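Chemist: Mind having a look at this structure? Questions to follow.
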Amino acid sequence: MHKLEITVSNKKNDSTGFSTKTDIEEDLGITGIDSIGFAEVYFFETTLDKDKIKEIAEKAFTDPLIQKFTIDEDAYENYDYYVEVKLHDDVTDNVGMVAIEAVEDFLGKKIEGKIRTAKKYYFEGTISKEKIEKISKELLANEVIETFQIGEKK
C-alpha cells in the first residue's frame, strides 16, 4: 500500500487550513494554534508501484502550479500534531471510487484493488494533545461514519 498526500504548494494559500483554524477558535474557543496545513490523502491499496503512483499524481491528480504531493511521507515537515480523518471501512468512499476510475481512465485499463481517502490536518502551535483530541471529536470527525488518528512530530 502507498499513501499519496496532496496539498497546496504555498501554505499561505491553504484556505481549508485557515478556515479550520478559524472554526476551532470561534466554535470551540481553543487558541494556541499558529497554523494548520491541510492535505488530501489517497491510500492506494493496489498493485501499482511507487513510480506509477508518482506519474498518476503528476499527470492526473495535481495541478503543478498550485499543488504539491508526497508519496509515503508527510506532506508537511513542520508540525506538532496531525489528525488524519478517514471513513470507517464499512462506509462507501465515493471520492475513493472516483479516484480509482480516474486512475483506470489514465492507465486505459482496470486495476486490482481500491483507493481509500482521508483528510489530514497538520497543526503547528502550543497546543496539548488533549485539545487536539477535543478538536478531532467535536469538529473534524463525525465518529458515526469516520475515525481519526492523532500523530505527533517525532
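The values are calculated or read from the model by the stated rules, or taken from the named source; none is laboratory data. Everything numeric here is computed off the predicted structure, so don't read it as measured data. Neighbour counts run over all protein chains shown; Cβ positions are idealised from the backbone, glycine included.
Chemist: Can you name the strands (runs of 3 or more DSSP E) wholly within region 1-97 that have at least 3 residues being under 28 Å from Leu107 (Cα atoms)?
Modeler: 2-8, 33-46, 67-71
Chemist: Note down all Cβ pairs under 7 Å where the first residue falls in region 11-38 and is surrounded by 15 or more Cβ atoms within 10 Å (Cβ to Cβ), the second is hydroxyl-bearing (Ser, Thr, Tyr) and part of a helix (DSSP H, G or I), and they're at least six residues apart or on different chains.
Modeler: Ile36/Thr20; Phe38/Thr16; Phe38/Thr20
Chemist: Output the residues belonging to region 130-154 that are at pLDDT 95 or above and either basic (Lys, Arg) or touching a helix residue (DSSP H, G or I) at 6+ places or on another chain (Cβ under 7 Å) (or both).
Modeler: Once the filter is applied, which keeps residues that are at pLDDT 95 or above and either basic (Lys, Arg) or touching a helix residue (DSSP H, G or I) at 6+ places or on another chain (Cβ under 7 Å) (or both), region 130-154 yields Lys131, Lys134, Ile135, Lys137, Glu138, Leu139, Phe148, Ile150.
Chemist: Additional query: Look through region 127-145, keep the residues that are within 14 Å of Asp27 (Cβ to Cβ) and out of contact with any Phe, Trp or Tyr (no Cβ under 9 Å at 6 or more places or on another chain), and return whichever of them is surrounded by the fewest Cβ atoms within 10 Å (Cβ to Cβ).
Modeler: Taking the candidates together, the pick is Glu138.
Chemist: Answer yes or no: is there a residue in region 103-118 that is closer than 28 Å to Glu26 by Cα, in contact with a helix residue (DSSP H, G or I) (Cβ under 8 Å, 6 or more places away or on another chain) and of a type outside the set (S, T, N, Q).
Modeler: Within region 103-118 (the criterion being closer than 28 Å to Glu26 by Cα, in contact with a helix residue (DSSP H, G or I) (Cβ under 8 Å, 6 or more places away or on another chain) and of a type outside the set (S, T, N, Q)), the answer is no, since none of the residues qualifies.
Chemist: Looking at Leu139 and the list (1) touching a Leu at 6+ places or on another chain (Cβ under 8 Å); (2) in a strand (DSSP E or B), which single condition is not satisfied?
Modeler: (2)
Chemist: Among the numbered criteria (1) touching a residue at least 40 places away in the same chain (Cβ under 8 Å); (2) among the basic types (Lys, Arg); (3) in contact with an Asp or Glu (Cβ under 9 Å, 6 or more places away or on another chain), which one does Lys137 miss?
Modeler: Going through the list (1) touching a residue at least 40 places away in the same chain (Cβ under 8 Å); (2) among the basic types (Lys, Arg); (3) in contact with an Asp or Glu (Cβ under 9 Å, 6 or more places away or on another chain), Lys137 breaks only (1).
Chemist: Determine whether region 50-72 contains at least one residue that is within 19 Å of Thr147 (Cα to Cα) and either loosely packed, with under 12 Cβ neighbours inside 10 Å or among the charged types (D, E, K, R) (or both).
Modeler: No, the conditions are met nowhere in region 50-72.
Chemist: Turning to a different aspect of this structure: Answer with yes or no whether Lys119 is over 24 Å from Ser15 (Cα atoms) and part of a strand (DSSP E or B).
Modeler: Values: over 24 Å from Ser15 (Cα atoms): no; part of a strand (DSSP E or B): yes.
Taking the combined requirement at face value, the residue does not satisfy it.
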